[in-house]
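The values are calculated or read from the model by the stated rules, or taken from the named source; none is laboratory data. Predicted, not measured: the structure shown is a model, and the values here were computed from it. Reconstructed Cβ throughout: ideal geometry from the backbone, glycine too, with neighbour counts over all protein chains shown.
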Amino acid sequence: MSSTRPTRSLLLSHRDVEFPPSTSARAGGGMTTPRCNIYEWDISTGRCRQKIKESWATGIRCMATSQQSLAIGTSTGNVDLLDLSGPKLSGTPIHSIGNLTTRVDCVRYSPDGQILGICSRMKSKALRLVHSGTATVFQNWPTEKTPLDRASVFDFSKQGVMAIGNETGRVLLYRLRHYIKSD
C-alpha cells in the first residue's frame, strides 16, 4: 500500500460496507448501507453509481456478497437476496429468507458461494445454513444437541471449516465434509 490517506471520504453513517467479487458490471465498486438504503460506489471516481431504497425492511444490519447475489440481513430477521448478475442492482429481492425471528447480526457466504450462513445473537441456536442456489434452509443442522448458544459471528474457510463465535466466548469449529473437494 503506497498511501494510508483516504482518496475519498463519504459523510454518511454506515452500518456495513461490502466489496463484491470482481465482475465486469461491478469492477471497482463498493456497497454501503446507511439506514434502509443501498449505495453502489465507483471506487475510482468516488461517485455513487446507484442508490436503492430497501422499502421492504425496517433496517439493514449486515451484508455479504457472492458472485451471483448480495445478501442483506435486516433488523426484522429476514435475509433478502438481490441479483448481482445484471448491469444494475434490482431493488426487488430474488429470494427472501425468513427463518430467523430476531434481527440478523451476521451473514456470510462460503468461499465457493454455495452456502449462505445467517445468525442472530438475540436467541439461542439462531444460526441457519442456506443453499444459495435454491435459497433453501438446511433442516438437518443445527440439531438440538449442537452447542451453539447465542452465535454472534461466524465465517467459512477455504479448507471447508466453519468457525462460530458465541456470546459465551467459545469458538466452535465444524468441518463441512460435503463441500470439501476430493483429490
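Checked across the stretch 94-112, the condition of being modelled with pLDDT of 90 or more and more than 30 Å from LEU172 (Cα to Cα) holds for at least one residue.
Conditions (1) modelled with pLDDT under 90; (2) surrounded by fewer than 17 Cβ atoms within 10 Å (Cβ to Cβ); (3) in a loop (DSSP other than H, G, I, E, B), marked per residue:
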{"residue": "MET31", "(1), (2), (3)": "yes, no, no"}
{"residue": "ILE38", "(1), (2), (3)": "yes, no, no"}
{"residue": "SER44", "(1), (2), (3)": "yes, yes, yes"}
{"residue": "ILE52", "(1), (2), (3)": "yes, no, no"}
{"residue": "GLN67", "(1), (2), (3)": "yes, yes, yes"}
{"residue": "GLY91", "(1), (2), (3)": "yes, yes, yes"}
{"residue": "LYS123", "(1), (2), (3)": "no, yes, yes"}
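Among residues of the stretch 126-155 being in a loop (DSSP other than H, G, I, E, B) and in contact (Cβ under 8 Å) with a residue 24 or more places away in the chain, the one that is farthest from the chain's Cα centre (by Cα) is PRO147.
Determine, yes or no, whether LEU84 is surrounded by 14 or more Cβ atoms within 10 Å (Cβ to Cβ), in contact with a Lys or Arg (Cβ under 8 Å, 6 or more places away or on another chain) and modelled with pLDDT of 90 or more. Criteria not met by LEU84. For the stretch 125-155, the tally of residues that are of a type outside the set (Val, Ile, Thr), surrounded by 14 or more Cβ atoms within 10 Å (Cβ to Cβ) and closer than 18 Å to MET63 by Cα stands at 10. Select from the stretch 106-121 the residues that are assigned to a loop (DSSP other than H, G, I, E, B) and surrounded by 21 or more Cβ atoms within 10 Å (Cβ to Cβ) and list them in ascending order. Scanning the stretch 106-121 gives a single hit, SER120. Inspection of the stretch 165-176 finds no residue satisfying the criterion of being surrounded by fewer than 16 Cβ atoms within 10 Å (Cβ to Cβ) and under 19 Å from the mean Cα position of the chain (by Cα). Looking across the stretch 129-163, the residues that are farther than 17 Å from GLY113 by Cβ and in contact with a Cys (Cβ under 8 Å, 6 or more places away or on another chain) come down to ALA151, SER152, VAL153. Of all residues in the stretch 137-163, those satisfying the criterion of being modelled with pLDDT of 95 or more and either under 19 Å from HIS95 (Cβ atoms) or among the acidic types (Asp, Glu) (or both) are VAL137, ASP155.
Considering the stretch 54-64, and only residues there that are out of contact with any Phe, Trp or Tyr (no Cβ under 7 Å at 6 or more places or on another chain) and at pLDDT 75 or above, the residue that is farthest from ALA135 (Cα to Cα) turns out to be GLY59.
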